[in-house]
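Data first, discussion second: the structure below is written as structure tokens.
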2 protein chains.
Amino acid sequence: MTRVTLESTVAAVRPADQPAMAAARELQARLTKPAGSLGALEELSVRLAGLAGTCPPPLPSPAAVAVFAGDHGVHAQGVSPWPQEVTAQMALNFLAGGAVVNAFARQAGASVTVVDVGVATPLPEGTDLIEANVRRGTLDMTVEPALTRDEARQAVETGIRVAEEMLEAGAKCLLTGDMGIANTTPAAALIAAFTGCTAEQATGRGTGIDDATHAHKITVVAAALERHAPDPADPLGVLATVGGLEHAAIAGFILAAAAHRVPVIVDGVIAASGALAAAAFAPDAIAAMVAGHLSAEPGAAVALAHLDLEPLLDLGMRLGEGSGAVLALPVVAAAVRVLHEVATFDSAGVSEK
Amino acid sequence: MTRVTLESTVAAVRPADQPAMAAARELQARLTKPAGSLGALEELSVRLAGLAGTCPPPLPSPAAVAVFAGDHGVHAQGVSPWPQEVTAQMALNFLAGGAVVNAFARQAGASVTVVDVGVATPLPEGTDLIEANVRRGTLDMTVEPALTRDEARQAVETGIRVAEEMLEAGAKCLLTGDMGIANTTPAAALIAAFTGCTAEQATGRGTGIDDATHAHKITVVAAALERHAPDPADPLGVLATVGGLEHAAIAGFILAAAAHRVPVIVDGVIAASGALAAAAFAPDAIAAMVAGHLSAEPGAAVALAHLDLEPLLDLGMRLGEGSGAVLALPVVAAAVRVLHEVATFDSAGVSEK
């Protein structure tokens with residue numbers, strides 16, 4: 001098998017198919033419901049038809065969540081109250097099925113795969129763990145680049161490879177997940193770098209920090225941005241200087257979904273920062289993205305607005321792991337199912353207005 | 001079996017159980033996730049523990065949707081562009097499984113039961129149709145009371161009976177559905193009567209009407225309110241003068257769920273108007289209500305604010321049928337599932353901050 005590279009994946013990303021979108025709009029108008037009465041679900045069904053290039057598009061089942069786990073040198077700057085060892089401990093919790101994303105995925109009928117793309121603590125190999133550690137945590141971006149360009153590329157291509165394997169195994173919908181203590185700090189830096197917003201606009205309280213730590217976290221993000229002055233036209237450079245291994249892997253994961261014209265449900269702020277990187281590599285990749293929910297992290301709204309994506313859910317969640325993406329999966333499935341199953345006015349003998 | 005009456009049902013409604021709510025809050029704090037990171041789902045899990053009187057509360061499965069169908073004399077005032085016969089045609093569509101609520105319910109694993117509580121056109125008895133027609137459509141509320149008090153009571157008690165049967169059959173979660181051409185007009189009148197808002201604030205475009213029809217619809221609602229001056233302290237009187245048979249049935253359906261301490265997912269604006277009636281009969285019934293979504297109809301937001309309920313979804317939907325309630329079911333299930341399945345910091349060996 002030819003190795004799938006970042007470049008070959010980017011080259012395979014194509015724009016949405018306009019005739020399929022028109023067909024979905026036309027079908028929506030004939031279904032037994034008032035025109036427009038399904039609100040955002042109708043537009044979503046049209047987008048997914050455009051992505052698949054056919055109407056109705058396939059149901060998003062089976063669905064597969066990849067939880068990319070990594071650690072962060074910037075943790076040394078005191079941006080999180082949690083010890084770094086929690087990244088590895090939570091990875092084991094995912095493998096044992098005890099985390100929120102596992103509970104949500106069991107309910108939604110999605111698989112959960114854990115990918116060690118950069119955890120600091122060596123993990124035992126488990127049944128479902130994909131061992132793809134690029135390095136045992138990034139370096140401190142306030143002092144030096146978090147990663148080399150080659151490491152960033154390896155992480156992106158890990159995300160691509162994981163997606164390729166899931167799609168080959170039959171997945172019809174991919175969902176992004178992440179785990180990494182302190183990973184909202186590089187996410188904020190990435191969002192500021194790609195959207196041009198300020199460190200203050202992009203930086204939130206992550207898992208819940210006090211005012212002083214939040215103010216400090218903003219100065220940490222601002223310092224990293226000032227040191228590296230990342231160029232949004234060079235996404236690999238942005239990921240290397242102020243990114244994280246799981247953020248880069250998610251960018252690749254999204255690009256591969258787009259290249260295969262399969263929807264990818266984007267979780268929260270980590271995923272949104274990876275989505276910005278994916279869109280910087282290939283703007284047409286946005287057609288494959290479904291924003292699962294609006295994270296309570298302020299950077300998430302900035303990133304989704306930049307991508308012109310409307311989140312499906314807004315429940316004040318800020319957990320990560322893929323939890324918000326999995327919670328949105330039934331909504332995505334419902335939007336598609338309407339095109340497959342709902343009767344038309346004609347077929348059901350229902351009068352029109 | 002003793003007949004279950006409106007009065008006996010109201011008398012059985014009790015406040016939420018505070019110790020169970022405290023136990024749910026305490027459990028949420030020990031689960032492997034940052035405190036509060038599940039946002040609205042955490043508060044929902046606490047409310048459902050309070051309703052059930054135990055922590056964790058039961059999973060909301062199996063779930064049962066009742067679609068109450070009725071017609072409206074006020075249709076003669078030209079408030080809807082759809083012919084009245086569509087109510088019966090859509091009831092047949094539900095029975096054939098061809099409507100949006102059927103597609104959503106198949107996906108969510110919920111049953112759909114159609115109840116003829118007041119359709120103008122006689123319906124053939126189908127497998128799943130519950131024949132409980134109180135009268136073949138209400139009278140025109142701008143001219144006379146829509147119903148007699150006795151008819152309103154019959155409709156409320158139909159809703160109670162349908163809920164009782166579903167609960168006896170094992171349902172652990174009830175979902176409200178409705179069908180009735182022109183039924184957003186009495187819903188607006190009910191919402192104005194129970195909340196004290198104006199006809200203009202409560203009245204929307206229903207299935208989609210133009211500016212002139214919308215302005216006319218507001219004057220129709222205002223005329224009915226002026227004629228009857230319904231007293232919110234007399235919910236049966238409000239339902240009789242400016243209500244509808246499906247609205248009244250939904251009020252009873254909600255009251256029965258509350259009496260049995262089982263959650264009821266409230267759909268859109270018709271359901272919200274029924275929920276206001278239920279709360280007027282028994283304020284503690286609010287503890288059983290989960291607002292599935294925020295309908296695009298303006299009266300829905302007014303009603304939910306009056307009930308102090310936060311909707312789970314906000315997708316610009318305005319279909320009715322129970323579609324928004326069914327779409328929210330997986331979110332409700334996820335909120336409960338967290339309390340059942342997620343590991344604690346202790347049990348998973350995850351460090352705390």
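The values are calculated or read from the model by the stated rules, or taken from the named source; none is laboratory data. Given the structure is predicted, the values throughout are model-derived calculations rather than measurements. Here the Cβ positions follow ideal geometry from the backbone for every residue, glycine too, while neighbour counts run over all protein chains shown. What goes into the accessible areas is simple: the full protein's heavy atoms, side chains included, and nothing from ligands, DNA or RNA. Shrake-Rupley method; radii C 1.70, N 1.55, O 1.52, S 1.80 Å.
In the protein assembly as shown the Cα-Cα distances spread across 20 Å bins starting at 0 as 19, 47, 28, 6 percent of all pairs. Straight-line cross-link partners of B:LYS172 among the aspartates and glutamates, defined as a Cα under 12 Å from its Cα and at least 8 positions apart when in the same chain: B:GLU164.
Note on B:THR344 and A:GLU168: the model spin-label points, each 7 Å out from Cα along the C-beta direction, lie 4.4 nm apart.
Overall, chain A carries a charge dipole of about 600 debye about its Cα centre when +1 sits on the Cβ of Lys and Arg and -1 on the Cβ of Asp and Glu, all other atoms neutral. For the rotation carrying A onto B, the chain A residue whose Cβ lies nearest the axis, with the distance in whole Å, reads A:PRO330, 2. Remark: label point of A:GLU125 defined 7 Å out from Cα along the Cα-Cβ vector; separations to the same position in other copies 6.6 nm, ascending. Rg and Dmax of region B:79-202, both derived from C-alpha coordinates alone, stand at 15.6, 43 Å. Each of A:THR198 and A:ALA35 was given a label point 7 Å from its Cα along the Cα-to-Cβ line. The distance between the two points is 4.5 nm.
In nanometres and ascending order, the distances from the B:GLU310 label point to those of the other copies are 2.2 (point 7 Å from Cα along Cα→Cβ). Evaluating 6.51 cos²θ - 1.76 cosθ + 1.60 at θ = phi - 60° for every residue in region A:320-326, the Karplus couplings come out as x, 6, x, 4, x, 5, 5 Hz, glycine and proline recorded as x.
In summary, region A:264-353 shows an alpha-carbon radius of gyration equal to 1.33 times the 2.2 N^0.38 Å reference for compact globular proteins. The H on the amide N of A:MET179, modeled in the peptide plane, is under 5 Å from the matching H of A:PHE68, A:ALA69, A:GLY70, each at least 5 residues off or on a different chain. Against the main long axis of the alpha-carbon atoms of chain B, helix B:184-195 sits at an angle near 60°.
Of all aspartates and glutamates in the structure, the ones whose alpha carbon falls short of 14 Å from that of B:LYS353, not counting any fewer than 8 places away in one chain, are A:GLU85, A:ASP210. Specify the inter-centroid distance of region A:49-79 and region A:292-308, based on alpha-carbon positions, in whole Å. Each part's Cα centre sits 15 Å from the other's.
For the protein assembly as shown, the 222 nm mean residue ellipticity estimated from helices alone, with every DSSP H stretch of n ≥ 4 adding -39500 (n - 2.57) and the total spread over all residues, rounds to -15500 deg cm²/dmol.
Please list B:159-167, A:313-321 highest first by mean number of surrounding beta-carbon atoms within 10 Å per residue.
Details: B:159-167: 23.2, A:313-321: 24.8.
Ranked by mean Cβ neighbours within 10 Å, highest first: A:313-321, B:159-167.
Across peptide B:309-320, the average count of Cβ atoms from other chains found within 10 Å of a residue's Cβ is 5. Normalised by 2.2 N^0.38 Å, where N counts its residues, the alpha-carbon radius of gyration of region B:185-332 equals 0.96.
Here each label is just a point 7 Å from Cα along the line to Cβ, and for A:ARG106 and B:ASP211 those points are 5.6 nm apart.
Between the alpha-carbon centres of region B:336-350 and region B:152-208 there is a gap of 38 Å. Per residue of A:84-93, other chain Cβ atoms within 10 Å of the residue Cβ number 3 on average. Ordering of B:346-352, A:248-254 by packing is A:248-254, B:346-352, highest average first (other Cβ atoms within 10 Å, averaged per residue). Karplus-derived 3J(HN,Hα) values for region B:123-140, using 6.51 cos²θ - 1.76 cosθ + 1.60 with θ = phi - 60°, are 9, x, 6, x, 3, 9, 6, 9, 8, 9, 5, 7, 7, 7, x, 6, 8, 6 Hz; glycine and proline are entered as x.
Inter-chain Cβ neighbour count for B:329-336, averaged per residue, equals 5 (cutoff 10 Å, partner chain atoms only). Rounded to the nearest angstrom and listed largest first, the equivalent-ellipsoid semi-axes of region A:63-331 from its Cα gyration tensor are 24, 20, 18.
Seen against the Cα atoms of chain A and their longest principal axis, helix A:269-281 is set at about 80 degrees.
Rounded to the nearest 5, the antiparallel percentage of DSSP beta bridges internal to the protein assembly as shown is 5%.
Summary value for region B:114-220: 16 percent relative contact order, contacts being C-alpha pairs under 8 angstrom separated by 6+ residues.
Give me the percent of accessible area attributable to carbon and sulfur for region A:63-331, probe 1.4 angstrom.
Details: 4020 of 7820 Å².
Carbon and sulfur: 51 percent of the exposed surface of region A:63-331.
Inter-copy label distances for A:ALA229: 7.6 nm (label point placed 7 Å from Cα along Cα→Cβ; shortest first).
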